[in-house]
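One structure is given below, encoded as structure tokens.
The values are calculated or read from the model by the stated rules, or taken from the named source; none is laboratory data. These figures come from a predicted structure and were not determined experimentally. Surface areas here come from the heavy atoms of the whole protein model, side chains and all, with no ligands, DNA or RNA. Shrake-Rupley method; radii C 1.70, N 1.55, O 1.52, S 1.80 Å.
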Amino acid sequence: MNEFYRGRRLRRNPVIREMVRETQLSAADLMMLYFVVDTTDEDFKKEIPSMPGQYQLSLKQLEKTVGEAVDAGLRSLMLFGIPKHKDAIASEAYAPNGIVQRAIRMLKAKWPDLQVVTDVCLCEYTSHGHCGILKEGDTCGEVVNDPTLELLAKTALSHVEAGADMVAPSDMMDGRILAIRETLDKAGYVNTPIMSYAVKYASAFYGPFRDAAESAPHHGDRKTYQMDPANAMEGLREAAADIDEGADIVMVKPAGPYLDVIRMVRDNFDVPVAAYQVSGEYSMIKAAAINGWIDEERIVLESLIGIRRAGAKLILTYYAEEALKKGWVR
Ligand code: PBG
């Protein structure tokens, strides 16, 4: 640095600050998340207690909510389903007329340009709440890998057959990207991308989501398939494996506590990187905002720009809808 350097020259007014801004955040970067419930009550719209401002929605209410979001500039969303019946083999996850499959058909018929992405996992559909099949008499939630792959592939295919633009497997089984890619290709869907939850940690930040999706495991935890929060190098191996198997986009999840991991993935691979600002991250900001302890708009924008600056192009966030509706992001 020369002796004439003065950093403040480029901070003097809003115009010059915008001219030299290194990182942008725009509507195209944001993906919203929605929970759709299989219910005959068309008016069903239930706020999630641990996620103020987020709802479980009937198909009809989803249509209304998404309509407003699309008008505000929303371009993409991801769906989670809450089925009527759960069982040991997650039948509703791949039922041709399951709640997510119906929601996809409705959304794509109404908004053909909206990118409809689906979370591919079994935990919302299994009676025990784990992300796959368990052995008889299991006591610790040690999901059996290979038989689970078949059901995941079947689930992904059913979403794509219903019209999904992209599938996003979040189960953390080994080999699931390849299993899904092969199944989609064999059915002729060679152009449907897979966004892999490649680097997904066994995180306490998912707590509120499990209330929202009614998917908390009844026994044991997810530590035999989701990653140890202490590990970053392992995240590179996970991303490499998924890219090898055909992942088009790789995701890091959660986002805020793992910015270093986002940066490592960005620097080591050449595919687009996504990051998921998860339920717990949302709930903590929202709770502080409701209490009047923070400036919500500025905190949300700072947390999102931090995720972009770390190297994620795409951000999955429960704030997407609100940020667009309130004009925080355009
Ligand atoms: C399904 C899944 C989870 C989340 C996204 N997909 C829960 C989990 O792994 O327990 C969490 C998202 C959030 O916390 O917002 N497996």
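Structure notes:
- In order along segment 313-325, the phi-based Karplus estimate (6.51 cos²θ - 1.76 cosθ + 1.60, θ = phi - 60°) of 3J(HN,Hα) comes to 7, 10, 10, 8, 8, 5, 8, 4, 5, 5, 5, 6, 4 Hz; Gly and Pro are listed as x.
- Net length gained if the chain between Glu142 and Glu214 were fully extended (0.36 nm per residue, minus Cα distance): 24.0 nm
- In this structure, the residue pairs whose Cα-Cα separation is over 19 Å, taken from Lys86/Lys154; Lys110/Lys186; Lys60/Lys110, are Lys110/Lys186.
- Length-normalised contact order for the chain - Cα pairs under 8 Å, 6+ apart - percent: 18
- For the chain, a Gaussian network of Cα nodes joined below 10 Å ranks Ala153, Ala255, Ala72 by mean-square fluctuation, and the top entry is Ala72.
- Probe 1.4 Å, all protein chains present, accessible-area order of Arg21, Arg11, Arg308, largest first: Arg11, Arg21, Arg308
- Gaussian network model of the chain, Cα within-10 Å springs - most flexible of Lys253, Lys135, Lys313: Lys135
- Note that segment 242-254 has calculated 3J(HN,Hα) couplings of 5, 5, 4, 7, x, 5, 8, 9, 10, 10, 10, 8, x Hz, one per residue in order, obtained from phi through the Karplus relation 6.51 cos²θ - 1.76 cosθ + 1.60 (θ = phi - 60°); glycine and proline are x.
- Long-range HN-HN contacts of Ser76 with modeled amide H, under 5 Å: Met32, Gln115
- Taking the helices alone, the chain has a mean residue ellipticity at 222 nm of -11000 deg cm²/dmol, built from -39,500 (n - 2.57) per DSSP H run of at least 4 residues and averaged over all its residues.
- Centre-to-centre, using Cα atoms only, segment 140-163 and segment 224-291 are separated by 21 Å.
- Accessible surface of Glu234 - all protein chains present, 1.4 Å probe, nearest 10 Å²: 50
- Largest to smallest in accessible area, the residues Arg8, Arg105 fall in the order Arg8, Arg105 (1.4 Å probe, all protein chains included).
- With the whole protein complex present, Asp38 retains an accessible surface near 20 Å², based on a 1.4 Å probe.
- Averaging Cα coordinates gives a centre for segment 295-330 and one for segment 1-73; these two points are 5 Å apart.
- P(r) of the chain over all Cα-Cα pairs, binned every 10 Å from zero, in whole percent: 6, 26, 36, 23, 7, 3, 1, 0
- Bridging of Lys313 to lysines at a Cα separation below 18 Å is possible for Lys200, Lys253, once same-chain residues fewer than 8 apart are set aside.
- Counted over segment 26-326, the DSSP beta bridges are approximately 10% antiparallel.
- Of the residues Glu22, Glu322, Glu124, the one with the largest accessible area comes first in the ranking Glu22, Glu322, Glu124, computed with a 1.4 Å probe on protein heavy atoms.
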